[in-house]
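J.: Here it is: the structure, laid out below.
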Amino acid sequence: MASPTFQPNRVRLARELRGWTQGHLAGKAGLSAAAISQFEAGSTPTEANLDKLGEVLDLPIGFFFVPVTDTHEGFFRSLRRTSVADRRRARAHAHLAHDLAEAAAGDFPSVDIPDLPAPDLDPKSEWPTKAAQAVRRQWAIGPGPIPDVIASLEDHGILVLRLVLDSIDVDAFSLPFDDRPVVVLSSDKNDRARSRFDAAHELGHLVMHGSQVWGVKEVEQQAHAFAAEFLMPAAEIKSELPHKVDWSDLFALKVRWQVSLAALLMRAKTLEVISPNEYLSAVKYSSARGWRRLEPVQLGPPEQPSRTQQLVSSAAAHRATRDWFPQGAWRDLLASTES
Ligand SMILES: [Zn+2]
């Protein structure tokens, strides 16, 4: 067997798990920032330096030798809301979850995601709607509301995490690894409707944008359009939406479709069931009552990624991961699955 090869990307990943800069890591390890930068660029550290890195980063040396599957920076929504370091830290944890699944996937379903790359970035394109319909068909989702969006994603091989990293507040995002995509849901939104919409939105990215395009606002609009059709197919919901804003009807539709009032109103406007003016006055009405922050009609706890939780827990005890998986990250990943 060939001796394992040092993987420079692992240094960066390990550092980002901690939320450290190159300078920060250099200081802790008693090395120069230039040395860290060289390791990350590909020069192999001496054994003594590897030991130092492993020690200050609290991870087994084996970590630096596990081959890396990489992908782009990820589908992040608001680049201003979260600091770059926090975003990278969350991304690094999602990356580890991916590595776990590859090492110890056990009976996690194989990946089955329709590949329907958006032909352009037109926010008014019909493509997201058609793509959502195609996914519902291919995944044999019957008519009506989707019973459990997260379970649907997991059943088709997508890892879903809910990260709780100290006080880090990161919106939902996804990483489109070719072999095993990862969707991360935000932990702070203890909101079932929002969590379902977020999961559907990230699925839209994986289906339509994959590794081709990211980081522009048009892909966000397309992912929203995908989620709207995926959760509330026009052919079904159009006839159910009230033609005048009627809150008791909307409350009932919220329960039936397990989506927010805000999403229903937007859907009614997009499908031209209500006029832009009616939409606007409904939004004002909601704002005045504080419903933009906390909507009336609670739907109960958010859906849980139970298959991914199981995978993470069982991988913690798996032989294949013992020599390389950082214990500190176990704690974070396992904590994130307890809810
Ligand atoms: Zn997005």
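J.: Please give me, ordered by residue number, the trypsin sites (Lys or Arg not before Pro) of the range 285-314 that lie in loop per DSSP and have at most 16 other Cβ atoms within 10 Å.
T.: Those satisfying the criteria are Arg289, Arg292, Arg293.
J.: So, with +1 on the Cβ of K and R and -1 on the Cβ of D and E, and no other charges, what is the size of the charge dipole of the range 1-145 about its Cα centre, to the nearest 20 debye?
T.: Approximately 640 debye in magnitude.
J.: Divide by every residue of the chain the summed helix terms, -39500 (n - 2.57) for each DSSP H run of at least 4, and state the resulting mean residue ellipticity at 222 nm, rounded to the nearest 500 deg cm²/dmol.
T.: -15500 deg cm²/dmol
J.: A further question on this structure: Work out the length of the dipole vector of the range 72-181 about its Cα centre, built from +1 on the beta-carbon of each Lys and Arg and -1 on the beta-carbon of each Asp and Glu, and round it to the nearest 20 debye.
T.: Using Cβ point charges on Lys, Arg, Asp and Glu, the range 72-181 gives about 460 debye.
J.: With θ set to phi - 60°, apply the Karplus curve 6.51 cos²θ - 1.76 cosθ + 1.60 along the range 139-145 and write out the HN-Hα couplings as whole Hz, x wherever there is a Gly or Pro.
T.: Listing the rounded values in order: 8, 6, 7, x, x, x, x Hz.
J.: Kindly express, to the nearest 10 degrees and within the range 0 to 90, the angle between helix 327-337's C-alpha long axis and the longest C-alpha principal axis of the chain.
T.: 10 degrees
J.: Same structure, new question: How much length, in nm to one decimal, is gained on full extension between Ser3 and Ala48, taken as 0.36 nm per residue of separation minus their Cα-Cα distance?
T.: Taking Ser3 through Ala48 to full extension adds about 14.4 nm, to one decimal.
J.: Modelling each spin label as a point 7 Å along the Cα-to-Cβ direction, I'd like the Asp120/Asp246 distance in nm, to one decimal.
T.: Once both label points are built, they end up 3.9 nm from each other.
J.: Would you pull out the residues with amide H under 5 Å of Leu161's amide H, same chain only if 5 or more places away, H placed 1.01 Å from N?
T.: Distant-sequence amide H within range of Leu161: Val183, Val184, Leu185.
J.: For Glu278 and Val111, what is the calculated FRET efficiency with R₀ set at 30 Å and r taken between the beta-carbons, to the nearest 0.05?
T.: E(calc), rounded to 0.05, equals 0.10.
J.: Based on alpha-carbon atoms only, what is the radius of gyration of the range 115-222 relative to the globular estimate 2.2 N^0.38 Å?
T.: After normalising by residue count via 2.2 N^0.38 Å, the value is 1.06.
J.: Read phi for every residue in the range 89-104 and hand back ³J(HN,Hα) as whole Hz from Karplus 6.51 cos²θ - 1.76 cosθ + 1.60, θ = phi - 60°, with x for Gly and Pro.
T.: Going residue by residue, I get 5, 5, 4, 4, 5, 5, 4, 5, 4, 4, 4, 4, 4, 5, 7, 9 Hz, with x marking Gly and Pro.
J.: Compute the helix-to-body angle for 192-208: its Cα long axis versus the longest principal axis of the chain, expressed 0 to 90° and rounded to tens.
T.: 70 degrees
J.: Based on the Cβ-Cβ distance from Ala85 to Arg292, what FRET efficiency comes out when R0 is 22 Å, to the nearest 0.05?
T.: That gives a FRET efficiency of 0.15.
J.: Nearest-5 percent of antiparallel DSSP beta bridges in the chain?
T.: The antiparallel proportion sits near 50 percent.
J.: For Lys124, list the lysines whose Cα falls under 21 Å from its own Cα; do not include residues on the same chain fewer than 8 positions away.
T.: Cross-link targets: Lys217, Lys238, Lys269.
J.: A further question follows. Between Ser78 and Ile61, what is the spin-label point distance in nm, taking each point 7 Å from the Cα along the Cα→C-beta axis?
T.: The answer from the label model is 4.6 nm.
J.: Taking Lys130 as the anchor, which aspartates and glutamates have their alpha carbon closer than 20 Å to its alpha carbon, excluding any fewer than eight residues away along the same chain?
T.: Output for Lys130: Asp112, Asp115, Asp120, Asp122, Asp198, Glu202, Glu218, Glu220, Glu229, Glu236, Glu272.
J.: Once you have the Cα-Cα distance between Lys28 and Ala134, take 0.36 nm times their residue separation minus that, and quote the gain in nm to one decimal.
T.: 33.1 nm
J.: OK, next. Go ahead and run the numbers for FRET between Glu236 and Asp323, Cβ-Cβ distance against an R0 of 56 Å, rounding to 0.05.
T.: 0.65
J.: Only counting other Cβ atoms within 10 Å, I'd like Ser78, Ser152 sorted with the fewest neighbours first.
T.: Starting with the residue having the fewest Cβ neighbours, the order is Ser78, Ser152.
J.: Using +1 on the beta carbon of Lys and Arg, -1 on that of Asp and Glu, and nothing else charged, what's the dipole of the range 1-68 about the Cα centre, debye to 20?
T.: 140 debye
J.: Taking θ = phi - 60°, what integer Hz values does the Karplus form 6.51 cos²θ - 1.76 cosθ + 1.60 yield along the range 283-293, in sequence order, with x for Gly and Pro?
T.: Along the range 283-293, the couplings run 5, 5, 4, 4, 4, 4, 9, x, 6, 5, 8 Hz.
FYI, it's all coordinate maths here, none of it is from the lab. As the structure is a prediction and not an experimental result, all values here were calculated from the model. No Cβ is skipped: glycine too gets one built from the backbone with ideal geometry, and neighbour counts run over all protein chains shown.
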